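Everything on this sheet refers to the single structure shown next.
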Amino acid sequence: MSDNDNGCGAAVAKVTASTELAKDFTLFQIEESLVLLAESAEEEGLTPEIERALAVYLEGAAEKRDRVAEFIHFCEGMAEFAKAEGKRLQARQKHFEATAERVSAMVLRVLDYLGVKKLEGRTNTLKKRKCPPSVKIIDDAKVPAEFKHITVTLPLPQWQELLASSGEEFRKAVLSGIRKQEISVELEAIKQALNLEKTVEGADLVINRFKLQVI
């Protein structure tokens, strides 16, 4: 394999591993009733009727409980496969985009060498076309500040303090110049505060929550 595979080799290896995981729980091993229950829960939410149906299923033979475990493993394996496949396709996209650019550049050189603007095929035409003007950055550091935007992430209280300490005119200018604003919640910091029995408005600590482990 070439060293210039743009990460395709590593991505393919991850997909292969995920595929092997999913293969262990193929669809023929999974009863249709489980699939229907899962699809109903996705569409309608986990209703009491669906919960009762699953409870009846689990109260049956031990083999049925194995089917449920296999179904969960299958879904987790397919999720991993989809995740790895997404990465593989991104690497594949970059690889083919770069290849198309290299081949296109070579064809342009051939057209220049032949002194023609196009070459006709049976169903396609290779034509040299002038691109619209575009900007090429030679030295990013020399570009004036008026042509740049900056993205800064800082605690919201500091941002609010910065605005409050600024003049009204400046504050309005800053707020009107915002192109994109995203506020994220620091869950770990909230968890630590709640664990110390501090009150955090708008948040609460969820306890006695369980996650199913399939072993």
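Of all residues in segment 119-164, those being of a type in the set (A, V, I, L, M, F, W, C), outside any loop (DSSP other than H, G, I, E, B) and either farther than 30 Å from M106 by Cα or open to solvent by 90 Å² or more (accessible area, probe 1.4 Å) (or both) number 8. Within segment 182-191, the presence of a residue that is out of contact with any helix residue (DSSP H, G or I) (no Cβ under 9 Å at 6 or more places or on another chain), of a type outside the set (K, R), at pLDDT below 80 and under 20 Å from F147 (Cα atoms) is excluded.
I need the helices (runs of 4 or more DSSP H) fully contained in segment 1-107, keeping only those with at least 2 residues that are open to solvent by 70 Å² or more (accessible area, probe 1.4 Å) and modelled with pLDDT of 85 or more.
Those helices (runs of 4 or more DSSP H) do not exist here; none qualify.
The values are calculated or read from the model by the stated rules, or taken from the named source; none is laboratory data. Predicted model only: the values in this text are computed from it and were never measured. Positions of Cβ are backbone-derived with ideal geometry, glycine not excepted, and every protein chain shown enters the neighbour counts. Each accessible area value is taken on the protein alone, full model and side chains, heavy atoms only, with ligands, DNA and RNA left out. Shrake-Rupley method; radii C 1.70, N 1.55, O 1.52, S 1.80 Å.
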